[in-house]
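None of the figures in this text is laboratory data; all of them are computed from the coordinates on show. None of these values were measured; they are calculated from a predicted model. All Cβ positions, glycine included, derive from the backbone under ideal geometry; neighbour counts span all protein chains shown.
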Amino acid sequence: MMEKEKLDLLRKEVVIPDIVNKKTNDAFAKIQRMAKDHPPVLLADMKTKKKIPRKRTALIIIAATLALATMSAAAAAYMKWSNSFSEGLGISEGQQQKLTESKLNTFVEQSCTNAGITVTAVQSITNEYYTYIAFRVEGYSVEDGVQPDFQNLSVTVDGMNDFFTSGIFYDGLICGEDGSPVHAEDGSPLEVDGDGRIVNSYTMDDESLEYQIYLKKTNEKGFFINKAIHVELQNLGTVAKADFTPEVEGTWTFDWKLEGSCETRVYEGTMALGDSGATVTRVEISPISMKAEYEFPRQQTTENVTAEDENGDEQEIEITRYSEPPQLVGVKLKDGTLLPWISMGAETMGYVDDTSNTYICSFSTNRILDISQMDSVLFRKTEPDGTAVTEDDLYVVPME
């Protein structure tokens with residue numbers, strides 16, 4: 001199957017700090033001592049046992065409540081979402097809780113320190129085809145406009161690495177409503193320098209950096225879920241024009257078990273996409289990905305293109321390739337909102353084999369989707385011309 005790869009762009013038990021554990025244990029020990037002094041009143045003994053004074057009972061309840069509140073506060077602080085997820089994927093607080101409860105999101109909070117740099121695996125978001133992993137990097141800084149990077153990234157899942165892997169530091173940019181990148185914090189446009197290059201800022205408010213790993217395996221459903229993952233990051237520095245400049249030598253390794261969610265909404269039917277010759281037969285939507293299956297008879301096209309030969313001389317050559325069906329691009333919500341720019345940018349597109357007319361288009365999304373609010377699926381009818389996309393520019397396939 002042909003793939004177009006382009007990416008410019010966990011849940012363990014929460015570890016409560018020792019000091020919090022000590023305070024919590026002390027509080028419960030105090031409650032237990034008070035309970036021994038005033039044992040509970042059994043119904044059979046109510047006539048002979050003296051009741052605990054109401055005021056003291058209230059104190060016991062308050063103490064227990066405070067202890068539980070201490071534990072909850074510690075857990076909440078420890079389970080703070082990374083900016084690259086909460087901000088970069090546009091996840092509201094309500095969605096954060098829902099995603100954690102469904103195990104789509106899991107917290108790792110596993111740290112590794114080397115050469116004075118602490119890297120922490122914060123959390124992962126995993127479904128049947130994709131995994132995002134967020135890391136916090138502390139002790140290393142870069143100036144605005146300078147891109148940090150690790151020299152080497154190695155990931156295995158269940159001991160295998162036969163899947164797409166990419167990693168990049170989060171720069172606070174997201175896809176705007178018109179498909180152009182904007183600042184996640186306030187939606188403002190990008191800054192450019194005198195050479196027209198984007199001036200990225202990778203530093204978070206707490207002076208840390210955030211690194212995000214992206215994994216995909218679209219030909220094996222459920223590959224990542226409940227599997228052991230090993231991540232190794234090596235050497236930290238900066239990158240410019242694809243050249244890496246090392247600054248810190250070190251290796252940071254992590255091992256944990258991915259979790260994940262199979263939550264999916266599926267459309268099955270036969271919906272012709274205008275006169276394109278393509279018929280949509282199945283669509284899968286999860287909170288972080290979309291996948292469409294078409295029947296699209298192969299259509300060969302021939303065109304002339306200009307290319308350089310081995311001597312660097314330009315020459316015109318004729319190439320033959322298969323036409324592509326209208327690309328899956330987004331969704332329409334029940335309230336009428338169009339979301340036609342939600343691909344993360346690493347689409348998988350192509351026929352399932354050399355003889356079939358079954359064509360697949362899939363991608364992970366650059367935001368979290370509430371699949372209960374999906375009304376229709378959107379396919380591109382016309383190429384964007386820089387103006388706002390309307391339904392006239394799209395094929396709209398109802399989900400019902």
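Quick look at the numbers
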| item | result |
| --- | --- |
| Region 250-400 - convex hull of alpha carbons, volume per residue in Å³ | 222 Å³ |
| Full-extension gain in nm, Glu220 to Ile317, via 0.36 nm per residue minus C-alpha separation | 31.2 nm |
| Surrounding net charge for Met271, when Lys and Arg each add one and Asp and Glu each subtract one, Cβ distance under 12 Å | -3 |
| Separation between Cα centres of region 169-200 and region 301-359, rounded to whole Å | 26 Å |
| Principal axis dimensions, largest first and in whole angstrom, of region 170-232 by Cα | 46, 31, 24 |
| Relative contact order %, region 83-257, counting alpha carbon pairs below 8 Å whose residues are six or more apart | 28 percent |
| Ellipsoid semi-axes in whole angstrom, largest first, where each is sqrt(5λ) of the Cα gyration tensor of region 347-392 | 24, 18, 11 |
| Which listed pairs, of Lys103/Lys241; Lys103/Lys221; Lys217/Lys241; Lys103/Lys381; Lys103/Lys216, have C-alpha distances above 27 Å, in listed order | Lys103/Lys241; Lys217/Lys241; Lys103/Lys381 |
| Residues Leu333 and Thr118, FRET efficiency given R0 of 41 Å [Cβ-Cβ distance, rounded to 0.05] | 0.50 |
| Span from the region 238-268 Cα centroid across to the region 108-135 one, whole angstrom | 8 Å |
| Region 186-287: translational diffusion in µm²/s, Stokes-Einstein, Kirkwood Rh over Cα pairs, 20 °C, 1.002 mPa s | 111 µm²/s |
